[in-house]
Amino acid sequence: MTTTALPESRFAVARQVADAVLFEGYVLYPYRASAAKNRLRWQFGVLVPPAWGPAHGEHSFQRTEVVMEPRGAATLAVELRFLHAQRRTVEEARADGSFAAVPELHLPDRVLVPWDEGTEERVEMTVPVTELEEGEVRLPFVRPAREETEPVLGADGRQVGRLVRRTERADGVLRLRAEQLDVPYRAFKLTAVVENTSDWMPDAELAGGADRDAALPRSLVAAHLLLGLSAGSFLSMTDPPEWAKASVATCANRHTWPVLAGDPGSTDVVLSSPIILEDHPGIAPESIGAMYDATEIDEILALRTAALTDQEKREARGTDPRAAAVIDLAETMPPEVLERLHGAVRALREITDPGAPVPESFAELFDEDAVFKPDTPWWDPAHADPADPARDRILIGGTSVGPGSRVILRPGLRRTDAQDLFLQGAAAQVEAVLHDVDGGVHLAVTVEGDPGADIRREQGRFLYFQPDEVAPLEGA
């Protein structure tokens, strides 16, 4: 086993997405520490000390299991990435040369306030697959406690205060093993466990024990893995080949979600993320840079950030260097760049530029067998379709389904979102059968037992599923 750095070329594309995972929700609009949404920090991939987690519903480990097909003398490269929280306090200089902690320190361009910063940490290793077959490989790691000070200078160059950064010790271990599968091909189930092994104990004298703020500096925050094979491939966990479906079904991933990463079509890199992603996730080419708040689109964030008052911008700049960078980005954005953020409809590429080659990543959208193309263009008045009772019902598994029918929801893994997954197996009532301009069919439904179903009917705000994502209820 070695701990040399990973091949940058192989992980470069995957690391773009991994960076977004690492800093997801790091600082939220309006990018000020005083904002209510920035007072509860870090929601994803937080591995807390084992003595604190169970009593507070948080986890001290994450386990990734994937199926891989190594070739020859393949080696596995692993990169664990996480943030280590460091507590920053603000101290003001006194006339006698001493310093005193203050809630804020006003400077001409910013207002400094106490804040928990996140420093990026990496644990890297490369190990032959044959070594993983022989037994578990462990790599313990420690990030020691430390304290640093940074002088704060005023407009005249004199020291008016200082920032004190304190980092607590964080301990962890990375454990790897490979188990050969009983399948027609040379394939293994790879198990990678990341665990916080800190021996820190909460202060029992505090009511309910220590709070989350005390546990975070000793936690592995936004922890995720990059896995790469020097020769061979990983299998998709959401769309495996037929021969591997049973093996993939036995993989137990806990507090993480592994997907194929890297260039579209490549299978030698996996990103195991605490956020649900699709295979080969990517950063939109229109994106202008990290804005750390994925609950909003970049255009809205840029416009809102540019509209902050000067005082709000000073507070944001003093909160965190990354927040300051977002403020500067919004203030200096050229109009043509902002216009680019307004949106891109890639599915219309065939219409707007039919002669251009279709990027490989979008090829499946234009599969003749997968996309219905009506004989009459949707913009032609002849395409208008008056009410037709025959179109209000469709056949699903030989059963006629229409308004009033009861169905079981079975959302597909490839094209649904996390919200729909919670409805797996729920009973629902079909409210309407809808046909879009491309010939697709959608079922508008309300979930049985939903107290807001009547409101959904009044407002016409239904949940939508495709015919292959539901099954008729017998006798309904």
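Things to note:
- Single condition Pro467 does not satisfy, out of (1) of a type outside the set (A, V, I, L, M); (2) in contact with a helix residue (DSSP H, G or I) (Cβ under 9 Å, 6 or more places away or on another chain); (3) modelled with pLDDT of 90 or more: (2)
- Some residue of the stretch 57-80 being modelled with pLDDT of 95 or more, more than 30 Å from Ala246 (Cβ to Cβ), in contact with a Ser or Thr (Cβ under 6 Å, 6 or more places away or on another chain) and in a strand (DSSP E or B): no
Here is a yes/no grid of residues against (1) of a type in the set (Ser, Thr, Tyr); (2) more than 30 Å from Val27 (Cβ to Cβ); (3) surrounded by 13 or more Cβ atoms within 10 Å (Cβ to Cβ):
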{"residue": "Val183", "(1), (2), (3)": "no, yes, yes"}
{"residue": "Asp203", "(1), (2), (3)": "no, no, no"}
{"residue": "Gly232", "(1), (2), (3)": "no, yes, yes"}
{"residue": "Pro240", "(1), (2), (3)": "no, yes, yes"}
{"residue": "Trp243", "(1), (2), (3)": "no, yes, no"}
{"residue": "Ser247", "(1), (2), (3)": "yes, yes, yes"}
{"residue": "His255", "(1), (2), (3)": "no, no, yes"}
{"residue": "Pro258", "(1), (2), (3)": "no, no, yes"}
{"residue": "His280", "(1), (2), (3)": "no, no, yes"}
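- Qualifying positions in the stretch 451-476 - open to solvent by 50 Å² or more (accessible area, probe 1.4 Å) and either touching a Gly at 6+ places or on another chain (Cβ under 6 Å) or not basic (Lys, Arg) (or both): Pro451, Asp454, Ile455, Glu458, Gln459, Tyr464, Gln466, Asp468, Glu474, Gly475, Ala476
- The one condition from (1) over 24 Å from Gln419 (Cβ atoms); (2) open to solvent by 30 Å² or more (accessible area, probe 1.4 Å); (3) without any contact (Cβ under 8 Å) to a residue 40 or more places away in the chain that Ala290 does not meet is (3).
- The one condition in (1) in a loop (DSSP other than H, G, I, E, B); (2) at pLDDT 90 or above that Pro411 fails to fulfil: (2)
- Those residues of the stretch 248-296 which are over 23 Å from Ala192 (Cα atoms) and among the small types (Gly, Ala, Ser), in sequence order: Gly265, Gly282, Ala284, Ser287, Gly289, Ala290, Ala294
- In the stretch 314-370, residue modelled with the highest pLDDT [restricted to those that are of a type in the set (D, E, K, R) and not in a helix (DSSP H, G or I)]: Asp320
- Count of the stretch 35-74 residues, restricted to those that are buried (at least 20 other Cβ atoms within 10 Å of the Cβ) and closer than 23 Å to Ala231 by Cα, is 6.
- Among the residues making up the stretch 77-96, those that are under 24 Å from the mean Cα position of the chain (by Cα) and open to solvent by less than 10 Å² (accessible area, probe 1.4 Å) are Ala77, Val78, Glu79, Leu80, Arg81, Phe82, Leu83, His84, Ala85.
- Where strands (runs of 3 or more DSSP E) fall wholly inside the stretch 191-273, the ranges with 2 or more residues that are over 27 Å from Ala73 (Cα atoms) and modelled with pLDDT of 95 or more are 221-229.
The values are calculated or read from the model by the stated rules, or taken from the named source; none is laboratory data. Predicted model, so just to flag it, every value in this text is computed and none were measured. Ideal geometry is used to build each Cβ from the backbone, glycine not excepted, and the neighbour counts take in all protein chains shown. Only protein heavy atoms, including side chains, enter the accessible area calculation; ligands, DNA and RNA are left aside. Shrake-Rupley method; radii C 1.70, N 1.55, O 1.52, S 1.80 Å.
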